[in-house]
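Notes for the one structure printed next.
The values are calculated or read from the model by the stated rules, or taken from the named source; none is laboratory data. Here the structure is a predicted model, which means the values were calculated and not measured. Quick reminder, even Gly has a Cβ in these numbers, built from the backbone with ideal geometry, and neighbours come from all protein chains shown.
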Amino acid sequence: MSIPLVYTLRSLFVRRSATLLTVLGIGATVAIFAGVLALQQGFITMLSGGGQADVAVFLRPGATGETDSQFRRDLGLKLIKQTPEIAQGASGPMASMECYFAALKPRMDGGSVNVPMRGVQPTTFEIRGETIRIVEGRNFTPGTDEIIVGKKITARIQNCRIGDVLQLNTTPFKVVGVFDADGGAASEIWGDLDRFLATLDRYGPNRVIAKLAPGTVVGDPDAEGGPTPGSLAARLKNDTEVPAKVMSETQFLLSQTRMLGGILKGLGLALAFVMGIGAVLTAINTMLSAISSRTSEIGILLSLGYRPLPIFLAFLFEAVLLCLLGGIAGCLMALPFNGIETGTMNGNTFSEVAFAFRVNANVLTNAVIFSLVLGVLGGLWPALRACRMKPTEALRRQ
């Protein structure tokens, strides 16, 4: 014989002050957990959001990212000309060489950070299409000391407004435009490839990007056992003239989220463990208090023929319901953080990256599951204690 649901709901209402305080306490724990998850989701969504599956990234063999990859310029040109999988445009292969580096620049609020700088060729904009948008001013003129600045860093880094001058080594570069982009490019500063290479006294680009012809199989260069046989990655890995590590842009961007994404995930799990202990103890204390004040009720239920299992399930359900309400409250507390922009250093590139909190369905689902786990852990002991009471002893305690 099961205990009516109304009994559990009534007990929560009768003890509404204790219920409210417990819900708010658990809600605060869930809100912090959801906030860390939203930070991780914002970073991953931002960095991987601009990836295109039909765009390939070519790096030096063995490189893990742009910072430890560099081609000689002649080898980069040879790679572009000798790769038949690269799509052809009106002016030739749709491929572009790019250089990448980080420059230490002062922040608006004090201190200095490494700002990602990228030297590009005109074909880059053809490859990117509508994913790169000039929102203020104009694009830089190729071959000149002009730059355009990502929208997300104009308010974070000094000398990044239109008309400002940014010094790189001994060369002043003038800001002529602000651009917005899908993904992490909105946190970068772009200029002409040749002018950046000359300013930095470098001999070649860090990578080559290219639009791929339809039907091209890129393959995973880091797959266990090697790239898929017959794929572009497998062919270029063993190329005798211009060997290269190649992956789709989507694969490349996801690989750049592993370090910071892993740190944020680890932080979320650590907070969940530490604060979860406190939330579980809160739930246990609340339920033990409820059982103490309802000892006679438990004795009457047992005397009426209710078995220990229904009593155990009733009190366990009450604890779970209490924590579920706390989880919903925590999700509501976390929602205002959605869209708030922040920035931190990407451990893969050692440069500043700006992104926004993303309180999406994945974050809310995990937050609710977390609250349910707290409810189960917090309700097991009190529910077990309630169902193991003897009717005569329970009635004698009133």
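Only one of (1) touching a Leu at 6+ places or on another chain (Cβ under 6 Å); (2) within 19 Å of residue 113 (Cβ to Cβ); (3) among the β-branched types (Val, Ile, Thr) is not met by residue 199, so which one is it?
Only one criterion in (1) touching a Leu at 6+ places or on another chain (Cβ under 6 Å); (2) within 19 Å of residue 113 (Cβ to Cβ); (3) among the β-branched types (Val, Ile, Thr) is unmet by residue 199, namely (2).
Looking for whichever is part of a helix (DSSP H, G or I), surrounded by fewer than 21 Cβ atoms within 10 Å (Cβ to Cβ) and modelled with pLDDT under 90 here; the options are 23, 6. Which one fits?
On the way: 23 fails: surrounded by fewer than 21 Cβ atoms within 10 Å (Cβ to Cβ).
None of the others qualify; the one that does is 6.
Being closer than 23 Å to residue 28 by Cβ and at pLDDT 85 or above: is that true of residue 361 here?
Details: closer than 23 Å to residue 28 by Cβ: yes; at pLDDT 85 or above: yes.
Taking the combined requirement at face value, the residue satisfies it.
Take residue 37 and tell me if it is modelled with pLDDT under 90, of a type in the set (A, V, I, L, M) and closer than 30 Å to residue 367 by Cβ.
Details: modelled with pLDDT under 90: yes; of a type in the set (A, V, I, L, M): yes; closer than 30 Å to residue 367 by Cβ: yes.
Criteria met by residue 37.
Would you check if there is a residue in the stretch 249-260 being out of contact with any His (no Cβ under 8 Å at 6 or more places or on another chain) and free of Cβ contacts under 8 Å to residues at least 24 places away in the same chain? Spell out how you get there, then give the answer.
Step one: list which residues in the stretch 249-260 are out of contact with any His (no Cβ under 8 Å at 6 or more places or on another chain), which gives 249-260.
Filter again for free of Cβ contacts under 8 Å to residues at least 24 places away in the same chain, leaving none.
No, that holds for no residue.
Given the options 85, 66, name the one that is at negative phi, within 24 Å of the chain's Cα centre (by Cα) and assigned by TED's automatic domain parsing to the domain that holds residue 124. Walk me through it before giving the result.
Numbers: 85 fails: within 24 Å of the chain's Cα centre (by Cα).
Unique residue meeting the criteria: 66.
May I ask you to verify whether residue 144 is touching a Lys or Arg at 6+ places or on another chain (Cβ under 9 Å), closer than 24 Å to residue 56 by Cα and outside any strand (DSSP E or B)? Steps first, please.
Details: touching a Lys or Arg at 6+ places or on another chain (Cβ under 9 Å): yes; closer than 24 Å to residue 56 by Cα: no; outside any strand (DSSP E or B): yes.
Against the criterion (touching a Lys or Arg at 6+ places or on another chain (Cβ under 9 Å), closer than 24 Å to residue 56 by Cα and outside any strand (DSSP E or B)), residue 144 does not qualify.
When the stretch 10-63 is examined, which residues are found to be among the polar types (S, T, N, Q) and under 24 Å from the mean Cα position of the chain (by Cα)? Walk me through how you get there before you give the answer.
Taking the stretch 10-63 as the starting set, the residues that turn out to be among the polar types (S, T, N, Q) are 11, 17, 19, 22, 29, 40-41, 45, 48, 52.
Once the filter is applied, which keeps residues that are among the polar types (S, T, N, Q) and under 24 Å from the mean Cα position of the chain (by Cα), the stretch 10-63 yields 29, 40, 41, 45, 48, 52.
Can you spot a residue in the stretch 164-171 that is touching a residue at least 24 places away in the same chain (Cβ under 8 Å), of a type in the set (Asp, Glu) and within 20 Å of residue 196 (Cα to Cα)?
So far as the stretch 164-171 goes, no, none of its residues is touching a residue at least 24 places away in the same chain (Cβ under 8 Å), of a type in the set (Asp, Glu) and within 20 Å of residue 196 (Cα to Cα).
Report the residue count in the stretch 92-120 for those that are in contact with a helix residue (DSSP H, G or I) (Cβ under 7 Å, 6 or more places away or on another chain), among the hydroxyl-bearing types (Ser, Thr, Tyr) and closer than 21 Å to residue 175 by Cβ.
1
Among the residues in the stretch 75-91, are any in contact with a helix residue (DSSP H, G or I) (Cβ under 6 Å, 6 or more places away or on another chain) and either of a type in the set (D, E, K, R) or modelled with pLDDT of 90 or more (or both)?
Checking the stretch 75-91: at least one residue is in contact with a helix residue (DSSP H, G or I) (Cβ under 6 Å, 6 or more places away or on another chain) and either of a type in the set (D, E, K, R) or modelled with pLDDT of 90 or more (or both).
Report whether or not residue 166 is over 24 Å from residue 133 (Cα atoms), assigned by TED's automatic domain parsing to the domain that holds residue 125 and not acidic (Asp, Glu). Step through it out loud before you land on a result.
Working: over 24 Å from residue 133 (Cα atoms): no; assigned by TED's automatic domain parsing to the domain that holds residue 125: yes; not acidic (Asp, Glu): yes.
For residue 166, the condition - over 24 Å from residue 133 (Cα atoms), assigned by TED's automatic domain parsing to the domain that holds residue 125 and not acidic (Asp, Glu) - is not met.
Look through 224, 249, 241 and report the one residue that is among the charged types (D, E, K, R) and touching an Asp or Glu at 6+ places or on another chain (Cβ under 9 Å). Give the steps one after another, and end with the answer.
Working: 224 fails: touching an Asp or Glu at 6+ places or on another chain (Cβ under 9 Å); 241 fails: touching an Asp or Glu at 6+ places or on another chain (Cβ under 9 Å).
Result: 249 is the single residue among 224, 249, 241 that is among the charged types (D, E, K, R) and touching an Asp or Glu at 6+ places or on another chain (Cβ under 9 Å).
For the stretch 88-113, which residues satisfy the criterion of being surrounded by fewer than 18 Cβ atoms within 10 Å (Cβ to Cβ), aliphatic (A, V, I, L, M) and outside any strand (DSSP E or B)?
Listed by number, the residues that qualify are 90, 108.
Does residue 64 fit the bill of being assigned to a loop (DSSP other than H, G, I, E, B), touching a residue at least 40 places away in the same chain (Cβ under 8 Å) and surrounded by fewer than 16 Cβ atoms within 10 Å (Cβ to Cβ)?
For residue 64, the condition - assigned to a loop (DSSP other than H, G, I, E, B), touching a residue at least 40 places away in the same chain (Cβ under 8 Å) and surrounded by fewer than 16 Cβ atoms within 10 Å (Cβ to Cβ) - is met.
For the condition under 20 Å from residue 250 (Cβ atoms), surrounded by 15 or more Cβ atoms within 10 Å (Cβ to Cβ) and out of contact with any Ser or Thr (no Cβ under 8 Å at 6 or more places or on another chain), what is the one hit in 118, 73? Reasoning before the result, please.
Numbers: 73 fails: under 20 Å from residue 250 (Cβ atoms).
Criteria check complete, one pass: 118.
Within the stretch 202-221, how many residues turn out to be among the hydroxyl-bearing types (Ser, Thr, Tyr) and over 18 Å from residue 51 (Cβ atoms)?
Looking only at that region, the number is 1.
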